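In what follows, a single structure is set out as structure tokens and then discussed.
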Amino acid sequence: MTRESLREVYDLSKRTILLTGGAGFIGSHLADRLLSLGATVDVLDNFSTGYAHNIPKGVRNAWKEDVAAPPKLPAYDLIFHLACPASPPRYQADPVATFRTAVYGTVSMLEEARKNRSRILLASTSEIYGDPLEHPQKETYWGHVNPIGPRSCYDEGKRAAETIGTDYRRKYGIDLRIVRIFNTYGPRMDPFDGRVVSNFVRQALDNLPLTIYGDGSQSRSFCYVSDLVEGILRAGLVDRLDEPVNLGNPAEFTIKELTGLIEDVLGHPLKREFKPLPEDDPRRRRPDISRARALLSWTPEVSLRDGILRTLDDFRARHPFHPTDGTLP
Ligand code: UDP
């Protein structure tokens, strides 16, 4: 299944789709893709970490409402439920709101799916594996999560979302798909969202030292956003998907290696500044994507070097950054 053949196989011109979190980084790229396949797309987003300017023009309705207390919605063929702050500093800024969004927001979307017999895709996360004792992480791994730490609002919120979603499937027979999204980066990231790639690229362009938390030996596996969107789309459109599926790029880098790569791509030396490692920061993370390969014929294509180049181009075009950059008009 190539990207071009997907267009023929999945003609979405008669589909109405609700995209929660469509003003966010990943959501807005998914909105673009759905529109390009001919879908009618509505967006529901409270703009807590998303921005009106991220929503593509072709979207039919864009509601600025909370997913946990949504407006009266029409019936949809398909719901892509992405709404939730996802960057650690952002989701920890209001942990109660994060948990509410992750859990109550998911329940309200599951209710929509149950009432209208819509298919629903739940965006879960690699954070459900916590600080993993199994490496790389397979979907069968139950995780190693602190239930009362600073990351718990998101980790446990998403775990509870998976639980209630699966119970809705068992009890009401809804057509639920779960994708576990690993670290994703690319154009349109908020330069101030606090994630490692957006921080480093912003800092590099502002001639600031790159802030390495801890000694930089912790690892992550970074997926370029177009690859991720392709995976989400396939997970939403295949005939059946009964098991959660990891979506991420299995190429693993330490944070130190990431600083070296950015330096290399820019072609000049960058300063580093070491800062304390945040509490419960996972030591390593890397998806096992055998399931996505088998069930979705999906595999990421963009290397970290190419993805960083494209991200740099996008950030350069938005430079100089302003701390209020992207806040609501
Ligand atoms: N990190 C870092 N410097 C930064 C931001 C993050 O060294 O300016 C580290 C962070 O401690 C973590 C990794 O980079 O180990 C990825 O952090 P991010 O917030 O992007 O996402 P996470 O994978 O932790 O959800």
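General remarks:
- What the Cα atoms of region 195-252 give is an Rg and a Dmax of 16.0, 49 Å.
- Summed over the residues of the chain and divided among them, the accessible surface reaches 43 Å² per residue at a probe radius of 1.4 Å.
- Whether region 21-126 is rounded, prolate or oblate, judged on the alpha carbon gyration tensor where a/c under 1.5 counts as rounded: oblate
- Heavy-atom accessible surface of the chain: percent carbon and sulfur, 1.4 Å: 51 percent
- Mean Cα-pair separation over length for region 171-329, i.e. relative contact order, pairs under 8 Å, 6 or more apart, %: 35 percent
- Solution diffusion estimate, µm²/s, Stokes-Einstein, region 96-160, Kirkwood Rh from C-alpha pairs, 20 °C, viscosity 1.002 mPa s: 167 µm²/s
- Separation of alpha-carbon centers, region 227-241 and region 89-125, rounded to whole Å: 19 Å
- The relative contact order of region 71-207 comes to 29 percent, based on Cα pairs under 8 Å that sit 6 or more residues apart.
- Relative contact order computed over the chain (Cα-Cα under 8 Å; 6+ residues apart), in percent: 17 percent
- Cα centroid of region 264-293 to Cα centroid of region 18-83, whole Å: 29 Å
- Distance histogram for the chain (every C-alpha pair counted, 20 angstrom bins, percent rounded to whole numbers): 33, 61, 6
The values are calculated or read from the model by the stated rules, or taken from the named source; none is laboratory data. No experiment lies behind these values; they were computed from the predicted model shown. We work out accessible area using only protein heavy atoms, side chains counted, and drop any ligands, DNA or RNA first. Shrake-Rupley method; radii C 1.70, N 1.55, O 1.52, S 1.80 Å.
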